[in-house]
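Report on the structure given below.
The values are calculated or read from the model by the stated rules, or taken from the named source; none is laboratory data. For clarity, every value in this text was computed on a predicted model and none was experimentally measured. Cβ coordinates were reconstructed from backbone atoms using ideal geometry, including for glycine residues, and neighbour counts include every protein chain displayed.
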Amino acid sequence: MKRIVLLLIATMLLTVGLVAKSQEIAYVDIDAVITQCNDTQEIQKAFDIERQEWARQLQELESEITRMENDFDSRKLTFSASGKTEQQKKIDDKKAEYRAMVEEFFGDTGLAAQRYQELVEPVQNKILEIIQEVSIQENYSLVLNVSAGGVLYANQDMDITEMVIQRMDATQGTSSSSSTSPSVPLPKPNFNPDGGK
């Protein structure tokens, strides 16, 4: 009985070992693809231009609030109690308008987040298509994203990052037609109005 159990365990281990050996595994550093390919650099430039315009609009509104506050401070002695209340309400309304505009432009679901997603979606699809093409051509059964963590060691021969970057750059400007692919996690852009400075 023990012999049969040992024989079954040995057979299972041998089968698992043979199956694992026949599987080709590769990895890609998505963060490196994103930072090094030309498409994402162009996206960042386009996004920065739009972010600067939104920041300019906010700066204008902030300057108007400062002007209103300075005007109020210099003239508050000449206002009646109701005049002070009225002027303070105008300033408070303008500040509320500013906060609403910040949220509209740079909030979690604001224009910046929406625009960035519009810009990166074709690149995300393109990265996935290229990884799938490389996987099929090179007969990889599994491709890991090392930038997502979890990989403690991997042989450099298994790295297909440079191959993906080269293919991304070779197909620069062409967009992906596949919209059903799962998204590749791209780093969040800086939505700060001042660009994080």
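Comparison of Asp71, Asp39 shows that the only residue that is over 30 Å from Thr161 (Cα atoms) and either assigned to a helix (DSSP H, G or I) or of a type in the set (A, V, I, L, M) (or both) is Asp71. From the list Val120, Val143, Val151, Val134, the one residue that fits, being more than 18 Å from Asp39 (Cα to Cα), of a type in the set (Val, Ile, Thr) and in a helix (DSSP H, G or I), is Val134. State yes or no: is Ile91 over 30 Å from Ala32 (Cβ atoms), of a type in the set (A, V, I, L, M, F, W, C) and surrounded by 14 or more Cβ atoms within 10 Å (Cβ to Cβ)? So Ile91 fits the description; yes. Only residues that are surrounded by 10 or more Cβ atoms within 10 Å (Cβ to Cβ), at pLDDT 90 or above and of a type in the set (S, T, N, Q) were counted in segment 118-138, giving 2. When you look at Tyr116, is it among the hydroxyl-bearing types (Ser, Thr, Tyr) and in contact with a helix residue (DSSP H, G or I) (Cβ under 8 Å, 6 or more places away or on another chain), yes or no? It is true that Tyr116 is among the hydroxyl-bearing types (Ser, Thr, Tyr) and in contact with a helix residue (DSSP H, G or I) (Cβ under 8 Å, 6 or more places away or on another chain). One residue alone among Asp71, Asp92 is over 30 Å from Ile130 (Cβ atoms) and more than 37 Å from the chain's Cα centre (by Cα), and that residue is Asp71. Picking from residues in segment 142-163 that are of a type in the set (Gly, Ala, Ser) and modelled with pLDDT of 80 or more, the one that is surrounded by the most Cβ atoms within 10 Å (Cβ to Cβ) is Ser147.
For segment 91-110, a residue qualifies if it is farther than 16 Å from Gln59 by Cα, modelled with pLDDT under 95 and assigned to a helix (DSSP H, G or I), but none of them does. Summed over segment 38-54, the residues that are buried (at least 17 other Cβ atoms within 10 Å of the Cβ) and over 24 Å from Asp169 (Cβ atoms) give a count of 2.
The C-beta contact set for segment 149-173 (first residue in contact (Cβ under 8 Å) with a residue 60 or more places away in the chain, second residue assigned to a loop (DSSP other than H, G, I, E, B) and surrounded by 13 or more Cβ atoms within 10 Å (Cβ to Cβ), distance under 6 angstrom, 6+ apart or interchain) comprises Thr161/Asp29; Ile165/Cys37; Met168/Cys37; Asp169/Cys37.
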